[in-house]
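**Student:** Input: one structure, supplied below.
Just so you know, all these numbers are worked out from the coordinates, no wet-lab data involved. Here the structure is a predicted model, which means the values were calculated and not measured. Cβ atoms come from the backbone with ideal geometry, glycine included; neighbour counts cover every protein chain shown.
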Amino acid sequence: MASSQPQAVTQRCPQPSLVMKLKLSVPGGSAEDSALSAGFSLKKEKALQAAMVLYATGFNAWGQLHFERPRDEDDREPEDISTFTCVLQDDDIDEIRPFLSYTRVHDGDHTFYQYPSIRHLLANNPSHTFPNFPGITQLVAFEVGFAALSSSGRVWTWGDERYTACLGREPSDDSPADTPNPVTDLDDLPTGPIVKLAAGGYLLAALTAGHDLYCWGDAGRSRVLADLSDTPSPVVIYNDNNNDNNSNDNDDTGNNDDNDDNQQQEEEEEQEQQEREEEDVIDVAIGEAHMLALTAAGRVYVVGDNGNGQLGLPGRASAWSWTRVDLGAESGQVIGVAAGPRNSFLVVRNT
């Protein structure tokens, strides 16, 4: 079994001579029609207390994870990055937004404008308009729809009626799939209102003020989480899940003489299960087929596909249970996570 232990990062971070690098590409479109594939909005502010570091891993075919052009760069396609690697250091790093396409806009007049492509956006030709949505604080897109979060903690979803599992609600004549309607299962939760949304592929997540994680989506199309439901359900991460040890746990040869030993082992495993502690989740990010979670203790867990190195677990094709990654003792404090379709980002404060 391949080890899930990551390698500590010791390389020197690029300095912020380039604080933004944009690449343009949309499947089936020309360069003129293309949208942001991996744009990083980096906001600099004054009177900063500590330097920030951005770590990245995963898909890098267009060099979107490189903030400095190597001197010997040629026309060869850049290689993907398979472990969390320092890609930028600056006084402040804010709002990481990697996209393969840009299809949503929210304006100051409390109106959603939905665009089928970047060409329609540039021509100001929306396909749908939804007015009267005050107090929206976050808007996310997934493969077949959208979700929005209001300042009161209410979650709204809308999208393709063929994939109602991603909506987290049952469409009806009064609340059709293709118009924004509330996800009532996320109202009045035990640990407070929703404060953060994440979405990608056919999976959505919501975080409560009390650091509980809820997920829902289309289990037939998303393999990221086991037992995925079409209604928001709690997802628990335990603090001892730093290895994927779910395979080959028992090699029972059928020897009856070992019954006592087996019973003792089962009792020990049951006790260990009871002693595990649930992690409080403070940030979450979802890609096309992977997911990251940051806990209040500063630990980062990943799950899903690793075909482009997006989990930061070298030598592994995937991790289908929550697996902890570690940047090393000298890396600082992780304060945020983000995900593109096939890459991942950690925002770290130097200590």
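**Student:** Once you have a ≥ b ≥ c as the square roots of the Cα gyration tensor eigenvalues for the range 296-346, tell me rounded if a/c is under 1.5, and otherwise prolate or oblate according to whether a/b is larger than b/c.
**Tutor:** It is prolate, given that a/c is not under 1.5 and a/b is the larger ratio.
**Student:** Which length gain, in nm to one decimal place, applies between Glu278 and Phe133 when the Cα-Cα distance is subtracted from 0.36 nm times their residue separation?
**Tutor:** So the extension gain works out to 48.6 nm.
**Student:** Please state the charge dipole magnitude for the range 129-239, taken about the Cα centre, from unit charges on C-beta atoms (+1 on K and R, -1 on D and E), reported in debye and rounded to the nearest 20.
**Tutor:** The calculated dipole for the range 129-239 is roughly 420 debye.
**Student:** At a 10 angstrom cut-off on C-beta neighbours, averaged per residue, how do the peptides 196-209, 215-228, 167-180, 128-141 rank from highest to lowest?
**Tutor:** 196-209, 215-228, 167-180, 128-141
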